[in-house]
1. So if I place +1 on the C-beta of Lys and Arg and -1 on the C-beta of Asp and Glu, and nothing else carries charge, what would the dipole magnitude of region 95-335 be about its Cα centre? I want it in debye, nearest 20.
2. For R311, which sequence-distant residues (separation of 5 or more, or a different chain) have an amide H within less than 5 Å of its own amide H, given hydrogens modelled in the peptide plane?
3. Defining a contact as two alpha carbons under 8 Å apart and six or more residues distant in sequence, what relative contact order in percent does the chain show?
4. Rg(Cα) of region 196-339 divided by 2.2 N^0.38 Å?
5. When ligands, DNA and RNA are left out and all protein chains stay put, how many square angstrom of accessible area per residue does the chain have with a 1.4 Å probe?
6. From the C-alpha coordinates alone, can you work out the Kirkwood hydrodynamic radius of region 276-329, in Å?
7. Once neighbouring chains are kept in place and the probe is 1.4 Å, which whole percent of the accessible area of region 57-149 is contributed by carbon and sulfur?
8. Excluding E275 itself, calculate the net charge of residues whose Cβ lies under 9 Å from the Cβ of E275, where each Lys or Arg counts +1 and each Asp or Glu counts -1.
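The values are calculated or read from the model by the stated rules, or taken from the named source; none is laboratory data. Model, not experiment: these values are computed from the prediction. A quick note on method: Cβ atoms are made from the backbone with ideal geometry, for glycine too, and the neighbour counts reach across all protein chains shown. Areas reflect the complete protein model, heavy atoms only, side chains present, ligands, DNA and RNA absent. Shrake-Rupley method; radii C 1.70, N 1.55, O 1.52, S 1.80 Å.
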Amino acid sequence: MSYRAEYIWIDGASPTAKLRSKTKILAEGAEPSVWGFDGSSTNQAEGHASDRVLEPVFSCPDPIRGGDNVLVLCEVVNTNGTAHVSNTRAELVPVAERFAAQAPIFGIEQEYTFFDGARPLGFPESGFPAPQGGYYCGVGAEEIFGREIVEKHLDRCLAAGLGISGINAEVMPGQWEFQVGPLAPLDVADQLWVARWLLYRTAEEFGVSVTLDPKPVKGDWNGAGAHTNFSTKAMREGYDAIITACDSLGEGSKPLDHVKNYGAGIDDRLTGLHETAPWDAYSYGVSDRGASVRIPWQVEQDGKGYIEDRRPNANVDPYVVTRLIVDTCCAALEKAGQV
Ligand code: ADP
Ligand code: MN
Ligand code: MN
Ligand code: MN
């Protein structure tokens with residue numbers, strides 16, 4: 001029997017790319033292969049030369065359609081075989097390869113906000129809900145909005161075989177988080193994109209939209225981030241490597257090089273309030289949720305483990321944040337002989 005392959009790709013929308021997908025019917029036994037699309041409709045081509053190519057990079061069972069159906073994440077390539085400018089995965093590949101011997105792994109905490117029309121899910125029709133305080137990891141109908149969507153999304157990520165490692169309700173009503181990883185750079189980024197697609201697709205069934213807007217409600221409400229947890233083999237074995245990695249992220253132009261690529265609108269979120277550090281001042285510290293980079297208390301106690309870069313926005317491109325962190329930290333660790 002034939003089966004359905006949902007081809008998913010990342011478009012050329014600016015400043016933040018969006019996900020697109022379309023369905024291909026494949027004959028029994030046929031593998032999902034290269035396909036094409038109209039790049040002039042996705043900000044990836046001009047109308048007079050509109051063809052762009054979809055190259056499969058990751059596939060998994062389709063937990064929505066079930067059966068033999070699959071999801072196929074693709075990268076976007078030009079007709080001459082070169083990577084399209086929007087294809088940030090292609091830039092991660094050589095960096096991940098160069099430092100593969102250090103065995104870098106990432107766990108990314110994806111925060112997001114449900115919207116019901118123009119308001120976050122759970123916000124009253126006019127005015128504001130009770131101030132922040134009880135919503136984070138809360139329980140009960142006055143504090144929790146959208147749990148049925150969140151549970152369905154979790155079930156589907158697990159059925160697809162994605163490396164999802166947890167979920168929790170966040171600080172603002174209608175705001176949630178899921179974590180993917182720890183996984184190698186390309187794996188965590190591919191699987192996070194697929195998990196994002198499953199989230200939009202699942203919420204769609206409930207008539208609810210999802211935003212990765214880093215500051216969906218202005219004022220005294222937490223923003224949405226994508227804390228990026230990172231370690232190499234040396235960091236998992238000793239504390240000197242942890243410190244080298246933290247220091248490397250603060251050297252010279254590195255803080256700004258990173259922050260300006262950590263998602264559009266980062267200065268609205270990294271204000272120094274709401275558990276953030278100001279975007280223009282790098283710092284790190286043990287247990288410090290007001291620092292740019294946090295060393296978890298357990299890591300200090302054990303003298304080994306991982307670090308958490310708290311700066312990336314919810315709308316960060318995981319191919320970009322993993323490339324920058326591997327490039328900066330692994331080069332410094334190599335220089336220090338901590339590999
Ligand atoms: P927080 O306390 O900041 O909310 P979470 O539990 O939400 O932390 O997320 C921590 C993330 O760190 C998880 O995705 C987890 O898989 C990841 N993680 C755990 N150990 C490591 C490690 N050694 N290297 C990289 N990531 C790790
Ligand atoms: Mn978390
Ligand atoms: Mn969180
Ligand atoms: Mn965190």
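1. Computed charge dipole of region 95-335: roughly 320 debye.
2. Amide H neighbours of R311: T228.
3. Working: 686 pairs, mean separation 54.9, N = 339.
Answer for the chain is 16 percent.
4. 1.11
5. On the way: 14650 Å² over 339 residues.
Result: 43 Å² per residue.
6. Values: mean 1/r = 0.0830 Å⁻¹.
Over region 276-329, the inverse of the mean reciprocal pair distance is 12.0 Å.
7. 54
8. Within the 9 Å Cβ shell, the charges total +2.
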